[in-house]
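Before any comments, here is the structure.
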Amino acid sequence: AALLPKPHQPLPFQPARLEGEGSFAIEAERFMEIVEQAKEHIRAGDVFQMLPSNRYTQKGHVDPLSFYRVLRSKNPSPYLFLLDYEDFSICGSSPEVMVRLTAGEILLRPIAGTRKRGATPQRDHELEQEMLNDPKECAEHLMLVDLGRNDVGRVAKTGTVEVPEMMRVEKYSHVMHMVSDVVARIDEEKDMFDLFRATFTAGTMTGAPKIKAMELIARFEGLKRGFYSGSVGYFSFTGDMDSAIAIRTALIQSDKIVLQAGAGVVADSKPELEELEVRNKLMALMATLKEMEKFSADQPIVVLKERSS
């Protein structure tokens, strides 16, 4: 009789060994001051919207592959990736496409508007309706859809830019988002590199107008964003490409792990809610760390099902 192949044994799971509590680069009180300062620039007409962010650093040892294995079960997302380099790794579960090109068709999907998931289906529905009816969230979303249309329009065939679906809700393990689709046909004289150049950095990560918003962000945050709000993707020999925005993403080094998230600020933003939004967006990554800390080295990973509603 033929011998059956030996069952595949997964690589051993490595628990996280964290040192104390992590810390934010910007204290909560200072972040709320930044929100107020951003609103002053909005009132002055310098920008219409901007997205300040905050960085969270946790000392300790985290195995990149183990982190990825837990993260993909705790926060299933359209883009899951682990980039393992000599001195660091980048691991993420991004919900947001930056830009995609398939057979000449462009897709850009601005995400703007966030609520945490409710503890019950009823509460989940209430939070969804609260987000959809929040003037601040809707105003921010519409501005970023317009910015996305403008970016795509620079390389699209004239008259093909459309928004077929506006402000639908997508739900993930810890948060829900408001999403729209911007589609177009790429101009015959343009290619995937022109498209990427026209749309990077995503307006949902900076604000509008982009250049002024980025100047203010650099001044307020006081540090380089590095991987955060960048992009992970591929360029194909066929001329197609796909790219995700590097959010819900971690930088893992030998002695620490770095997380980052931001919140969109418009004229009527409330500083305390924007600071809370940053923490809500980091919940899946922070929960992954805490779960890894509890596991023992010989304990199997339990794959969790994503809540769909």
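Points to keep in mind about this one:
- Applying the criteria of a DSSP loop state and at most 14 other Cβ atoms within 10 Å to the trypsin sites (Lys or Arg not before Pro) of segment 215-249 yields Lys224.
- Protection proxy ranking, highest mean first, for peptides 151-161, 194-204: 194-204, 151-161, where packing is the per-residue count of other beta-carbon atoms within 10 Å, averaged.
- From most to least packed by mean Cβ count within 10 Å, the peptides 281-289, 108-116 give 108-116, 281-289.
- For the chain, hydrophobic long helices are taken as DSSP H runs at least 24 Å long by C-alpha position along their axis with mean Kyte-Doolittle hydropathy of -1.0 or more; these are 135-153.
- Cross-link reach is defined here as a Cα-Cα straight distance under 28 Å, omitting same-chain residues fewer than 8 places apart; for Lys294 the lysines meeting it are Lys59, Lys74, Lys116, Lys171, Lys256, Lys281, Lys305.
- The chain - mean residue ellipticity at 222 nm from DSSP helices (-39,500 (n - 2.57) per run, n ≥ 4, rounded to 500): -10500 deg cm²/dmol
- Averaging the sequence gap over all C-alpha pairs within less than 8 Å and six or more residues apart, then dividing by the number of residues, gives the chain a relative contact order of 31 percent.
- Net dipole in debye of the chain [+1 Lys, Arg Cβ; -1 Asp, Glu Cβ; about Cα centre; nearest 20]: 600 debye
- Among Pro15, Pro121, Pro76, the residue with the largest mean-square fluctuation in a Gaussian network model of the chain, with springs joining Cα atoms closer than 10 Å, is Pro121.
No lab work stands behind these numbers, since they all come straight from the coordinates. Computed from a prediction, not measured in an experiment: that's the story for all the values here. Glycine also receives a Cβ, built like all others from the backbone with ideal geometry; neighbour counts cover every protein chain displayed.
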